Amino acid sequence: MRVRERKTRRPEKGFTLLETMIAVAVLAIGVLGLAAMLADSLAYMSGSQADFIAQQKAEQAVESIFTAKYDNTITWAQVANNSVGNPQGLFYATAQPIRQPGSDGLVGSINDNSAPLDYILYPGPDGKLGTSDDIKAPLANFTRTITITNFNGDPNLRSINVTVNYTTGRFTRSYTVNSLISAFD
């Protein structure tokens, strides 16, 4: 009688198709997540110019109020929000489009209603700023709110709060400047 020898199979080396597909799926999810994060960060960073414009327009409004008050262009009563209780106030308490200064030359006042939108000037096709082909980009997606209140109930000290709201890409942002102004020179 003959004894048959059994051959033992060696285990195969390598990955199965299922293991490979799972690894590819995990890798794809990771790469897509990274790409989405990169796209979001680029979209957010593209708003840095708008951030700078908002900062400048908020500070411009505060500086305009200080300048007008301290060179006596406006009175203390006019350094206020316009309302039924104070018709002398020169500033709306609600968000307004950022316009060029009106007839009083004061940024953000009630006299700006008929003024065109403020704009940013970009170099034209010649690449030089200050030539006739410059491009005016209106600040259509910016609004400014100027809120002026007595500070801690003191009628001789007021708080100025300027908030610029704007949209850049799919992000809505705001920039706020707070300052105090005194009735005294």
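The values are calculated or read from the model by the stated rules, or taken from the named source; none is laboratory data. All of these numbers come straight from a predicted model, not from anything done at the bench. Every residue, glycine among them, receives a Cβ derived from its backbone with ideal geometry; neighbour counts consider all protein chains shown.
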Q) Cβ-Cβ below 9 Å, separation at least six or inter-chain, first residue in segment 17-44 and assigned to a helix (DSSP H, G or I) and at pLDDT below 90, second of a type outside the set (A, V, I, L, M, F, W, C) and surrounded by 10 or more Cβ atoms within 10 Å (Cβ to Cβ): which pairs? A) Ala43/Thr168; Ala43/Gly169; Tyr44/Thr168; Tyr44/Gly169
Q. Which is part of a strand (DSSP E or B) and farther than 26 Å from Arg99 by Cβ, of Asn165, Asn156, Asn178, Asn161?
A. Asn156
Q.
Residue under question is Arg158, and the condition is that it be more than 29 Å from Gly47 (Cα to Cα) and among the basic types (Lys, Arg); does it hold?
A. yes
Q) Of the residues that sit in segment 82-101 and are modelled with pLDDT of 90 or more and more than 24 Å from the chain's Cα centre (by Cα), which one is surrounded by the most Cβ atoms within 10 Å (Cβ to Cβ)? A) Leu90
